[in-house]
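The structure under discussion appears below in the form of structure tokens.
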Amino acid sequence: MDSKHPVLPKGFGALLIIALVFAALNLRPAVTSLGSLLDPVIDGLAMNGFVAGLITGVPPLCFAVLGPLAPKLAGKRGPEVVVIAAMLAILLGLALRSVAPNTWVFFIFTAVALAGIAVGNILMPVLVKRWFPTKIGIVTGAYTTAVALGASVVATVAVPVNDAVGGAWRRGLGIWAILAMIAVFIWVVVFFGLRNQIAQRQLPSSNLSVAASEIGPMSRNATAWWVALFFGAQSTVAYILMGWAPKIFTDFGVDPAYSGALLGVILGVGVPLSFVMPALAARFSHQGPLVIINGIAGILAVIGIFIAPVQGAFIWAALLGICGSSFPLALTMIGLKAHTAAGVSKLSTFGQSVGYLIAIPGPFLVGALHEVTNSWTTPLLLIAAVIIFQTFTGIMAGRPRFVEDNGTPIRIDA
């Protein structure tokens, strides 16, 4: 068997793509379903704003701490086994948090689900490269679209689905465990069907680690820091919106069901942009213009919420969705700011880990500020400030510099 072009049993190529899609569909519902049903959860568990902000701030913490462990686990057990464990964690976390008797048990099982998501985030591109080395673009497009759909569709239908199952938030949150159950089943079939091929491909390699050691530490690399700061800023905005956008719109007078749908709009705009933004970014030697467009969209949305929150709600949600396309832009920058695979690996680990750490306080601060001021004015001003910071760091990160050159400006003609 060619190690670069794996030979799959008949039908397993399609099954692997289906498995990747179902795994990707599970990488956001634990977050977006909670955002849409946050009000009844707060009431049902008697949370205050500080605790609610803490829970909405858990996703970036889990991604920062647990995400970097995924490559090590996959190196020992194989990414297929680890992704099954990740889907099981999501399944158990979603199911058990829906029956949590108190806030802290709810918090613990939310963290379990998010741990699975953190590992899944890292392993998706690994699995694509492992099994579809000549179809990376197509398969990556399939799974990134699935991530966006999983986020936007669940956010849109979470409230109607909750109403359909009796209006109890526990059922409305727990029902999404079914999606994880399907993913576990498909991946188990894939694992046992491809166990021989998996064993043959689970070979140690030291080439990448040796090359990576020659680049130097990312913590002393200016380009790496700008990418990390940009990733952190856009992650902060994203997780604030996923956790608080429906409540913000509701408190400004928008119908609760429509507020949940507006989160779906924010996330749904990312579906086509997840294809468009990487292609555009690769055409620019400096990605600053794209960063500025996203920043302007975000600031206009915040101003619009202050001026006409109900009348223009759909427009503001769409603009926030455009601002949110900074996520695929940040991921694309990671690939553009390194010459080598080793550079991309080190920049990805550093940029995402530091970025998610930066994002941790954002949702908590929004909840705390709302609790203290009993108003959304200060939290919205905070969001605007983070968008401005996102724009500045994105412009700096978008310059034609590379981590192997330690920030030296070099232009490479395509």
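Values quoted throughout were computed directly from the atomic coordinates according to the rules given, and no laboratory measurement underlies them. Given the structure is predicted, the values throughout are model-derived calculations rather than measurements. Quick reminder, even Gly has a Cβ in these numbers, built from the backbone with ideal geometry, and neighbours come from all protein chains shown.
Counting only the Cα atoms, segment 10-204 fills a convex hull of 111 Å³ per residue. For residue 311 and residue 92, the FRET efficiency from 1/(1 + (r/R0)^6), where r spans their Cβ atoms and R0 equals 41 Å, is about 0.45. If you wrap the tightest convex hull around every Cα atom of segment 265-306 and split its volume per residue, you get 54 Å³.
Most tightly packed first, judged by the mean number of other beta-carbon atoms within 10 Å of their residues, the peptides 362-372, 21-31 read 21-31, 362-372. Sorted ascending by nearby beta carbons within 10 Å, beginning with the fewest, 143, 258 become 258, 143. For segment 10-204, relative contact order (Cα pairs under 8 Å, six or more residues apart, normalised by length) works out to 38 percent.
Taking other C-beta atoms within 10 Å as the exposure proxy, 220, 401, 171 rank 220, 171, 401 from fewest upward. As a ratio to 2.2 N^0.38 Å, the alpha-carbon radius of gyration for segment 215-409 is 1.04.
Its Cα gyration tensor gives the chain an equivalent ellipsoid. The semi-axes, each the square root of 5 times an eigenvalue, are 33, 27, 18 Å from largest down. A protection proxy built from the mean count of other Cβ atoms within 10 Å ranks the segments 270-278, 162-170, most packed first, as 270-278, 162-170. Estimated at 0.36 nm per residue, the fully extended path between residue 105 and residue 405 surpasses their Cα-Cα distance by 103.2 nm. Within segment 37-51, which residues have the backbone N less than 19 Å from the label spot 7 Å out from residue 171 along Cα→beta-carbon, could you tell me? Answer for segment 37-51: 37-45. When the listed pairs 76/337; 135/337; 135/346 are checked against a 26 Å cut-off, the alpha-carbon distance exceeds it for 76/337. Shape descriptor for segment 42-111: Rg over Rh equals 1.07 (Cα atoms; Rh from the Kirkwood inverse mean 1/r). Taking segment 308-323 and a reference point 7 angstrom along Cα→Cβ of residue 373, the backbone N atoms nearer than 19 Å belong to 308-310. The helix-only estimate of mean residue ellipticity at 222 nm for the chain, built from DSSP H runs of length n ≥ 4 each weighted as -39500 (n - 2.57), is -25500 deg cm²/dmol after division by the residue total. Sorting the segments 301-312, 106-117 by their mean number of nearby beta carbons within 10 angstrom, highest to lowest, gives 106-117, 301-312. Computed over segment 261-345, the quotient of the alpha carbon radius of gyration and 2.2 N^0.38 Å is 1.24.
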